[in-house]
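The values are calculated or read from the model by the stated rules, or taken from the named source; none is laboratory data. Just so it is clear, the model here is predicted, and its values are computed rather than measured. Don't worry about glycine lacking a Cβ; one is built from the backbone with ideal geometry, like all the others, and counts go over all protein chains shown. Accessible surface is based on the protein model in full, side chains and every heavy atom, while ligands, DNA and RNA are left aside. Shrake-Rupley method; radii C 1.70, N 1.55, O 1.52, S 1.80 Å.
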Amino acid sequence: MKVLGIETSCDETGVAIFDTKKNTIVSEQLYSQAAKHALYGGVVPELASRDHLKKLIPLIHLTIKESGYNLDEIDGIAYTAGPGLRGPLLIGASTAKAIAMSLDKPSVGIHHMEAHLLINLLENPAPSFPFLTLLISGGHCLLINSKSLGSYQIIGQTLDDAVGEAFDKVAKILELGYPGGPKIEALARQGNPFAFSFPRPMTNKSNLDFSFSGLKTAVYYEYKKMNKITNSQKADIAASFQSAVADTLLLKTRKALIETGLNELVIGGGVASNKFIRERLISGLKETNIFFPPIERCTDNGAMIAYAGSFYLKETEQNMRLDIKPRWPLSELNHG
Ligand code: KG4
Ligand code: ZN
């Protein structure tokens, strides 16, 4: 089966083709709108919709051309149905459905966070269900008991900011620009992670939930205290903040591994591309088999949607409902 995948949930237009016979992504295209949104300090939904509209069809053409297949050889289309921004989701879904209808092929709506999780199964070696999953992205921070395909029990989540959101907000405080994650990681390399002792929120609580808004506020007050901040002080703040996030993720994940008795850990989402956090988790969880996607597959991409589609696309009848779900808890999957 050859699956065309379309990702448009936020500010990346991603398109890819996954071939189940070859068990590989045969071609993929990714366009990031980040530079456009950077002017406004964060994602502007209307701008995102317009840009997806402009870029999606040309990227689909390019992806098909580079795969060497003809459009009518595609067996089905997978698109991100949620969670995400309503306008961008609608553009991906309506384009996918229109192509499916014109080819008389099935389409399926994919849960964006499940795709972040499942892309790990394409790696060699691959994890096998059940496993613990830590999803860390711009909109989520989730600890999940992943029991089997489509069956996910959320055992911990953020009570306020998502972890990527905290990176983006701290980057804004430090005037580093958007998206904040990669900028903080780069600056932190020149800084001292022990320079400031920022809180490791909720780590003294017995539950598995997170809270990052207090950490962001602690950074804000530290920054405000300084007048004429130097670049090296900024780097120290970035490094100390990143270290506080890494420790928090490590402590909560360790607790979740003990509570569930699971010994495989699957990590995904944009923040999983952070090398400092990867290393902190690897060195702190030596007894656990940890799986990360390749760096370029951590942030949003079409490959993860095409791959997730290969699990859910059935030769079922076409469904022309535009079934996007901007809010869609991972525990409520229903691929019917
Ligand atoms: O998964 P993703 O591409 O989109 C969502 O599903 O949200 O994640 C984007 C988030 C942004 O908040 C971005 O700042 C963060 O991931 N991010 C990073 C890094 N690269 C992206 N955070 C920390 N370090 C990074 N290297
Ligand atoms: Zn994502």
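Scan segment 318-333 for residues that are closer than 25 Å to S137 by Cα, part of a loop (DSSP other than H, G, I, E, B) and open to solvent by 70 Å² or more (accessible area, probe 1.4 Å) and the total you get is 2.
Being away from ligand 1 (no atom under 11 Å from the Cβ) and open to solvent by 40 Å² or more (accessible area, probe 1.4 Å) is true of K205.
Among residues of segment 68-81 that are within 13 Å of L313 (Cβ to Cβ), those with a beta-carbon under 8 Å from a residue that is charged (D, E, K, R) and buried (at least 24 other Cβ atoms within 10 Å of the Cβ) at least six positions away or on a different chain give the pairs Y79/E7. If the requirement is being within 16 Å of ligand 2 (Cβ to nearest atom) and over 21 Å from A78 (Cα atoms), which of these qualifies: N263, N274, N301? So the residue among N263, N274, N301 that is within 16 Å of ligand 2 (Cβ to nearest atom) and over 21 Å from A78 (Cα atoms) is N274.
Within segment 137-175, being assigned to a loop (DSSP other than H, G, I, E, B) and away from ligand 2 (no atom under 15 Å from the Cβ) holds for L149, G150, L159, D160, D161, L174, E175.
Residues being within 16 Å of ligand 1 (Cβ to nearest atom) and free of Cβ contacts under 8 Å to residues at least 40 places away in the same chain: count how many of those fall in segment 146-170. Result for segment 146-170: 0.
Looking only at segment 12-50, residues that are under 26 Å from G76 (Cβ atoms), touching a strand residue (DSSP E or B) at 6+ places or on another chain (Cβ under 9 Å), not hydroxyl-bearing (S, T, Y) and not in a strand (DSSP E or B) come to 1 in all.
Quick grid of which residues meet (1) within 19 Å of L39 (Cα to Cα); (2) away from ligand 2 (no atom under 16 Å from the Cβ); (3) open to solvent by 50 Å² or more (accessible area, probe 1.4 Å):
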position	(1), (2), (3)
P182	yes, no, yes
N192	no, yes, yes
G214	no, yes, no
Y223	no, yes, no
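The C-beta contact set for segment 304-316 (first residue more than 9 Å from I119 (Cβ to Cβ) and open to solvent by less than 70 Å² (accessible area, probe 1.4 Å), second residue modelled with pLDDT of 95 or more and of a type in the set (F, W, Y), distance under 6 angstrom, 6+ apart or interchain) comprises A306/F18; S310/F18.
Just wondering, is there one or more residues in segment 194-206 that are closer than 21 Å to I267 by Cβ, in contact (Cβ under 8 Å) with a residue 60 or more places away in the chain and out of contact with any helix residue (DSSP H, G or I) (no Cβ under 6 Å at 6 or more places or on another chain)? Before you say what the answer is, go through the steps one by one.
In the first step, residues of segment 194-206 are kept if they are closer than 21 Å to I267 by Cβ; the result is 200-203.
So of that shortlist, the ones also in contact (Cβ under 8 Å) with a residue 60 or more places away in the chain come out as none.
No, every residue in segment 194-206 fails to be closer than 21 Å to I267 by Cβ, in contact (Cβ under 8 Å) with a residue 60 or more places away in the chain and out of contact with any helix residue (DSSP H, G or I) (no Cβ under 6 Å at 6 or more places or on another chain).
Scanning segment 260-291 for residues that are part of a loop (DSSP other than H, G, I, E, B) and within 16 Å of ligand 1 (Cβ to nearest atom) turns up G269, N274.
The residues of segment 171-202 that are more than 17 Å from A239 (Cα to Cα) and either among the charged types (D, E, K, R) or within 16 Å of ligand 1 (Cβ to nearest atom) (or both) amount to a single one, Y178. A search for C-beta distances below 6 Å between a residue of segment 255-277 that is at positive phi and any residue that is within 14 Å of ligand 1 (Cβ to nearest atom) and polar (S, T, N, Q), counting only pairs 6+ apart in sequence or on different chains, returns G269/S137.
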